[in-house]
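Okay, so here's the structure we're looking at.
Bear in mind that the values in this text are calculations on the coordinates, not laboratory data. All values derive from a computational prediction rather than experimental measurement. Neighbour counts are summed over all protein chains in view; Cβ atoms, including those assigned to glycine, are modelled from backbone coordinates with ideal geometry.
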């Protein structure tokens, strides 16, 4: 990311609670960030907007902003497990 975009991404990530709807998932967050950047930072090129959005999403993922996503059934039997 261009060095001049890092402060913008950090500032947006720090305001995520007020910018994004609570309980939003990654897709909703991306859409909300794209709208924010289009309205508040219209001078940014599309490539720069994408870089900022990716940096903000990455920062939010590091902070577990989106919570834990479960994949599969945790109670199903694992076919490859060794019998005890």
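The residues in the stretch 52-65 that are in a helix (DSSP H, G or I) and loosely packed, with under 14 Cβ neighbours inside 10 Å can be counted, and the count is 3. The condition (being closer than 16 Å to residue 67 by Cα and either touching a strand residue (DSSP E or B) at 6+ places or on another chain (Cβ under 8 Å) or in contact (Cβ under 8 Å) with a residue 24 or more places away in the chain (or both)) is satisfied by just one residue among 17, 25: 25. Please verify whether the stretch 29-51 includes one or more residues that are touching a helix residue (DSSP H, G or I) at 6+ places or on another chain (Cβ under 7 Å), over 18 Å from residue 67 (Cβ atoms), touching a residue at least 40 places away in the same chain (Cβ under 8 Å) and crowded, with 17+ Cβ neighbours inside 10 Å. No, there is no match, as no residue in the stretch 29-51 is touching a helix residue (DSSP H, G or I) at 6+ places or on another chain (Cβ under 7 Å), over 18 Å from residue 67 (Cβ atoms), touching a residue at least 40 places away in the same chain (Cβ under 8 Å) and crowded, with 17+ Cβ neighbours inside 10 Å.
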